[in-house]
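The values are calculated or read from the model by the stated rules, or taken from the named source; none is laboratory data. Keep in mind that this is a model prediction, so the values were computed, not measured. When we count neighbours, we look across all protein chains shown, and the Cβ atoms used for this are built from the backbone with ideal geometry, even at glycine.
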Amino acid sequence: MIKKEMIAMLLAGGQGSRLGVLTAKVAKPAVAFGGKYRIIDFPLSNCVNSGIDTVGVLTQYQPLKLNTHIGIGIPWDLDRNEGGVTILPPYESNSSSEWYSGTANAIYQNMDYMENYHPEYVLILSGDHIYKMDYQMMLDFHKANRAEVTVSCMQVPMEEASRFGIMIADEQGKITDFEEKPEHPRSNLASMGIYIFSWSALKEALTALKDQPGCDFGKHVLPYCREKGKRLFAYEFSGYWKDVGTLQSYWEANMEMVDILPKFNLYEEFWRFYTNADTIRPQFISADAEVKGSIVSNGAEISGTVQDSVLGANVRVGRGSVITRSIIMQGTVIGENCRIDKAIIGEDAVIGDGVTLGLTGEAPNTVHPNIYGWGLTVLGDKTLIPGNVSIGVNSAVSGITGPGDYRDGRLDAGSYLVREVTL
Amino acid sequence: MRALGIILAGGNSSRMGRLTDSRAIAAMPVAGSYRCIDFALSNMTNSSIQRVAVLTQYNARSLNEHLMSAKWWNFGRKHGGLFIFTPTETSRNASWYRGTADAISQNLDWLKQCHEPYVVIASGDGVYKLDYNEVLQYHIRKNADITLVCTDAGKEAHRFGVVTMNADGRVTDFQEKPLEAESSIVSIGVYVVRRHLLIELLEEADRENRFDFVNDILIRYRKHKKIYGYFMDSYWRNISTVESYYETNMDFLKPSVRRLFLDEYPKITSRVDDFPPAKYNRNCSVRNSLISDGCILNGTVENSVLFRDVYVGDNCIIRNSVIMNGVYIGDNSVIENCIVESRGTIAPDSRYIGENETEVIVEKNNRYEYF
């Protein structure tokens, strides 16, 4: 029999549709972040650093990149004889075959996986937040309060509270009430979507709610536990925690990394983040280059100017190009004499010589104004941009584009140009 | 691949100075992210050799740390894999490896147990990229007893084993470090030989108390055995002196060298460290330099190679230097034409300038005083 005190279940099946073309072919947890990392590296590394060696990763939307990234878990030391990392996709059984219809439903469908480890506690995580957290401390809190459910929370500005699940707790942290995205919040204690359940409480709730369509932790499991009089506690977390669910928050969180003393510091020796970076080779900064206020990953070769930007592995920046306030993901090649400002460029894209991204126009996006905006120009993975064209702000471009797609060599601000065929 | 690999990584060279005070030459950091032995090891794995023995002796611990896990070179296999042989005392033998041939002889049991028909022997101090399959095919085609890989070393030839070959490629003469080199073709210390023949030759040498592979096998048997030379014309450097170490690192600032080792398939692999991306702060200025992950840069860096996790303070000037991993350089320091030993701490306002030759800096200050 295998016995683990606490195992983690990491929900990584979401699309993250507000990241637009960045999540066209990959699930949000697999989107690159901070140069060499992917978003899922943060919760996964937190698990390892907190001494959790058994992690189930639940996948559903476009799992290929996640699967190859995680593999057997070597970068996180999760290649274990007992436990380690296991990818848990939806599956068919003889009574049913259904997708994961909600966060709690996904966990319910993997009851057998959890049972294997005879856990006393189960940690529920989502794969789309950037933070450093010692889950062991949260478990200590859970035990000290003899809690059955502990919800990790943080104080948010009152005016933003209506975007979150809000907990109302007494001085000891005991949750007396909670509201999902309340119009008039009674507290600013927002749930971070991180829960510790005592196994019996989790099993009882999931089994009782098994026929609940779209069964969700915030909407169904917590209310069930409250009705049944379970001990619910709010664990207050005060460190850095960022939801990178929108292009703006994603861009901002990346930009914060280049500060002299970043709020989220990757360089601390005792809380390392691990990733499957297959690039070992160093980076080369040429005699013509200028790199300032930026973080640059292994294998990059830079001949142009890079300022206030985050560059992934193996990025190439040609001579005479000037890149400011941008995120360039791994494998992307930027030609010579380009001018790029406030752009997010996906992986393995190719940008021709003399291309201008951003800088021009101010119209809102014509197709998805709620996704693309804030003056950002967003290019999807494996996009090809021909030479000597200009793309205005608030635009999204993806796939192989040719000179014919650019009238007078221009794509106006707010354009939406998505081609199915990619490089 | 029908060969097993042996990497000779036990040697030291007095001309490495303080750089090998606490590490083997094969463990010397090269090109920002690698160790010297990674080149031979990667060549082995990229040539689909599945069983490799690394023979260590001098400062063996530095290599053991690097080779702690075989998985990075794809050697973490159920069958074959990576073997590390450091001298041990046995009932028959209580000596160190007395030479390259003796090093293999002392592990003859292992060599006999293997089933691969051929053996590729490589030294752990070479920086080059080579598909050993090509050498093996040449060896078979020439019906050779021993094939050695050679290259043109130009004016440096006298530092190595100088090879004379006939038109067919057969080695007619071999002189180890001659006063005057008759040709500029030198052996790079990579040999292909049939396993049974190697066992035979080693047993013979052992009976006669001969311990050196070059003198007691290659040179001694050069007329009796068919020894062929396989010519390699791509980049090759041997790390055995402070200057050659410095030059090899500086070579990686050249596009052609980077292309060969870093861009072209197959890759050179190494142990993975988990450092974050390099961070270029707003007042830094970096030109024509190789930078590795984990570095935090504030001052000026020019024509230099920085290994992992190097901190360069404000207003520093680093020129034409090799800064090994984990070095902290305090504010306002000037370092030119130097090699800075790993994990060193350079006090603020320091000045190190190698005037006529490359200076090796070993500074173990307490860096926490400078925060």
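Restricting A:233, A:273 to residues that are among the aromatic types (Phe, Trp, Tyr) and either assigned to a loop (DSSP other than H, G, I, E, B) or within 12 Å of chain B (Cβ to nearest Cβ) (or both) narrows the list to A:273.
Here is a list: A:56, A:73, A:13. Which entry is within 29 Å of residue A:279 (Cβ to Cβ), in contact with a strand residue (DSSP E or B) (Cβ under 7 Å, 6 or more places away or on another chain) and modelled with pLDDT under 95? Among A:56, A:73, A:13, only A:13 is within 29 Å of residue A:279 (Cβ to Cβ), in contact with a strand residue (DSSP E or B) (Cβ under 7 Å, 6 or more places away or on another chain) and modelled with pLDDT under 95. Among the criteria (1) part of a strand (DSSP E or B); (2) farther than 28 Å from residue B:42 by Cβ; (3) of a type outside the set (Val, Ile, Thr), the one residue B:148 does not fulfil is (2). Of the numbered conditions (1) more than 10 Å from every other protein chain (Cβ to nearest Cβ); (2) within 13 Å of residue B:277 (Cα to Cα); (3) among the small types (Gly, Ala, Ser), residue A:326 satisfies every one except a single condition; which is it? Exception for residue A:326: condition (2).
Please verify whether residue B:369 is over 26 Å from residue A:45 (Cβ atoms), more than 9 Å from chain A (Cβ to nearest Cβ) and touching a residue at least 12 places away in the same chain (Cβ under 8 Å), treating the condition exactly as stated. For residue B:369, the condition - over 26 Å from residue A:45 (Cβ atoms), more than 9 Å from chain A (Cβ to nearest Cβ) and touching a residue at least 12 places away in the same chain (Cβ under 8 Å) - is not met. Restricting region B:84-100 to residues that are under 21 Å from residue B:216 (Cβ atoms) and modelled with pLDDT of 90 or more, the residue that is nearest to the chain's Cα centre (by Cα) is B:100. Residue pairs whose Cβ atoms lie under 7 Å apart, sitting 6 or more positions apart in sequence or on different chains, and linking a residue in region A:329-355 that is on the phi > 0 side of the Ramachandran plot and surrounded by fewer than 22 Cβ atoms within 10 Å (Cβ to Cβ) to a partner that is part of a strand (DSSP E or B) and of a type in the set (A, V, I, L, M, F, W, C), do not occur here.
Listed here are the helices (runs of 4 or more DSSP H) enclosed by region B:163-278 that have at least 2 residues being more than 23 Å from the chain's Cα centre (by Cα) and either surrounded by 22 or more Cβ atoms within 10 Å (Cβ to Cβ) or among the hydroxyl-bearing types (Ser, Thr, Tyr) (or both): B:195-207.
Here is a list: B:293, B:314. Which entry is surrounded by fewer than 21 Cβ atoms within 10 Å (Cβ to Cβ) and either at negative phi or among the small types (Gly, Ala, Ser) (or both)? Let's see the steps before the verdict.
Numbers: B:293 fails: surrounded by fewer than 21 Cβ atoms within 10 Å (Cβ to Cβ).
Going through B:293, B:314 in turn, just one is surrounded by fewer than 21 Cβ atoms within 10 Å (Cβ to Cβ) and either at negative phi or among the small types (Gly, Ala, Ser) (or both): B:314.
Of the residues making up region A:278-288, those that are surrounded by 17 or more Cβ atoms within 10 Å (Cβ to Cβ), in a loop (DSSP other than H, G, I, E, B) and facing another protein chain (nearest Cβ under 7 Å) are A:280, A:281, A:282, A:286. Cβ separations smaller than 7 Å between residues 6+ apart or across chains give the following pairs from region A:129-146 residues that are within 18 Å of residue A:268 (Cβ to Cβ) to residues that are hydroxyl-bearing (Ser, Thr, Tyr) and surrounded by fewer than 23 Cβ atoms within 10 Å (Cβ to Cβ): A:131/A:240; A:132/A:240; A:134/A:50; A:135/A:50; A:136/A:50. Among the residues of region A:114-122, not a single one is farther than 16 Å from residue A:5 by Cα and surrounded by fewer than 22 Cβ atoms within 10 Å (Cβ to Cβ). Looking across A:249, A:238, one residue alone is more than 10 Å from chain B (Cβ to nearest Cβ) and in a loop (DSSP other than H, G, I, E, B). It is A:238. Taken over region A:62-91, the residue count meeting the criterion of being more than 14 Å from every other protein chain (Cβ to nearest Cβ), on the phi > 0 side of the Ramachandran plot and in a loop (DSSP other than H, G, I, E, B) is 2. Annotation for region B:324-339: no member residue is in contact (Cβ under 8 Å) with a residue 24 or more places away in the chain, within 12 Å of chain A (Cβ to nearest Cβ) and surrounded by fewer than 17 Cβ atoms within 10 Å (Cβ to Cβ). Taking the criterion of being within 29 Å of the chain's Cα centre (by Cα), within 8 Å of chain A (Cβ to nearest Cβ) and among the basic types (Lys, Arg), the only residue of region B:280-312 that qualifies is B:287.
Of the residues making up region A:253-270, those that are among the hydrophobic types (A, V, I, L, M, F, W, C), more than 9 Å from every other protein chain (Cβ to nearest Cβ) and part of a loop (DSSP other than H, G, I, E, B) are A:261, A:264, A:270.
Condition check ((1) crowded, with 17+ Cβ neighbours inside 10 Å; (2) in contact with a strand residue (DSSP E or B) (Cβ under 9 Å, 6 or more places away or on another chain); (3) in a loop (DSSP other than H, G, I, E, B); (4) in the same structural domain as residue B:252 (by TED's automatic domain parsing)) across all residues:
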| site | (1), (2), (3), (4) |
| --- | --- |
| B:18 | no, yes, no, yes |
| B:32 | yes, yes, yes, yes |
| B:52 | yes, yes, no, yes |
| B:61 | no, no, no, yes |
| B:68 | no, no, yes, yes |
| B:89 | no, no, yes, yes |
| B:94 | no, no, yes, yes |
| B:103 | yes, yes, no, yes |
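The numbered conditions (1) touching a helix residue (DSSP H, G or I) at 6+ places or on another chain (Cβ under 7 Å); (2) away from every other protein chain (no Cβ under 11 Å) are all true for residue A:310 except (2).
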